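In what follows, a single structure is set out as structure tokens and then discussed.
The values are calculated or read from the model by the stated rules, or taken from the named source; none is laboratory data. These figures come from a predicted structure and were not determined experimentally. When we count neighbours, we look across all protein chains shown, and the Cβ atoms used for this are built from the backbone with ideal geometry, even at glycine.
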Amino acid sequence: MKSLLSVFLVILLSKGCSQGQDLSDVKVVYGASTRGYHRMIVIEKNVFSLISEHDGKPKVIELTDEQWKRIADLFKKIDLKTFDKLEGTTMERAYDGKPHADMSITVGDKTYTTKGFDHTIPPVKIKEFVDLINTIADNSDVKNPILGSYSVEELMSRNVSEKEYFISFDAKKVSGFMGCNMYSGTYEFQEASITLGPLMVTKKYCEGIMDDESLWLKVSSEISTFKLNNKTILLYDDNNNLVLKATKK
């Protein structure tokens, strides 16, 4: 059974942070979730806080005056009269190709909410605003470049790209799916080295389709290094054999 990890982006825009644009009564909530992915960002007055893992502690990110002004300017372009009707034109979230996302705006005692859409592929009318707030969050994670959810393409040099396997990294945990059960565990990385702790799995039995999962649970403990090539992560064992290749969703 799929387990969705929630992602919530809460923005409280105040008069002091928007250079004269009075948005003190406005609350914007952006949410995106899928298995193995979590992010929470809180923006209030001149404070931008980021949480990159479930139950994690917030990290304060400094924003420039220009960034605050850009947020306010793009917000003014949003038409609340049609906001409730906005929805995505793609459905990658239906098979975990993208996290499920939506966005709501509260003005006074009235709340407006979009229909669902794929994370990173928002409706055109709010694309600039959504892209900006997500870019700010993404750029704050540069110290851990592997954060995110990846579609698995190769396992032990064998093509598995059509099987919808995935692996996700948050600040401290790795999780994913290899055909039958969900798995999760801890990981540690430093520069080009990475180790995955013992992986815990759910207890479902899937007849005839568990070979890849069993193989992954065995070889994952042998992973010692990684490489990043744009959005693709490559995981290697001690003998420099490619264990897993995956591309960020």
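Selection of the range 188-243 for residues being touching a residue at least 60 places away in the same chain (Cβ under 8 Å) and assigned to a helix (DSSP H, G or I) yields LEU215, TRP216, VAL219.
Among residues of the range 41-55 being modelled with pLDDT of 75 or more and in contact with an Asp or Glu (Cβ under 9 Å, 6 or more places away or on another chain), the one that is surrounded by the fewest Cβ atoms within 10 Å (Cβ to Cβ) is LEU50.
Whether a residue is assigned to a strand (DSSP E or B) and buried (at least 20 other Cβ atoms within 10 Å of the Cβ) was assessed, and SER184 does not pass this test. Residue check: LEU235 meets all listed conditions (1) at pLDDT below 95; (2) of a type outside the set (Phe, Trp, Tyr); (3) within 25 Å of the chain's Cα centre (by Cα) but one, namely (1).
Strands (runs of 3 or more DSSP E) fully within the range 78-168 that include at least 1 residues being over 14 Å from the mean Cα position of the chain (by Cα), in contact (Cβ under 8 Å) with a residue 40 or more places away in the chain and loosely packed, with under 15 Cβ neighbours inside 10 Å: 100-107. Just so you know, in the range 44-73 the residues that are touching a residue at least 40 places away in the same chain (Cβ under 8 Å) and assigned to a strand (DSSP E or B) include one that is nearest to LYS249 (Cα to Cα), and it is LEU50.
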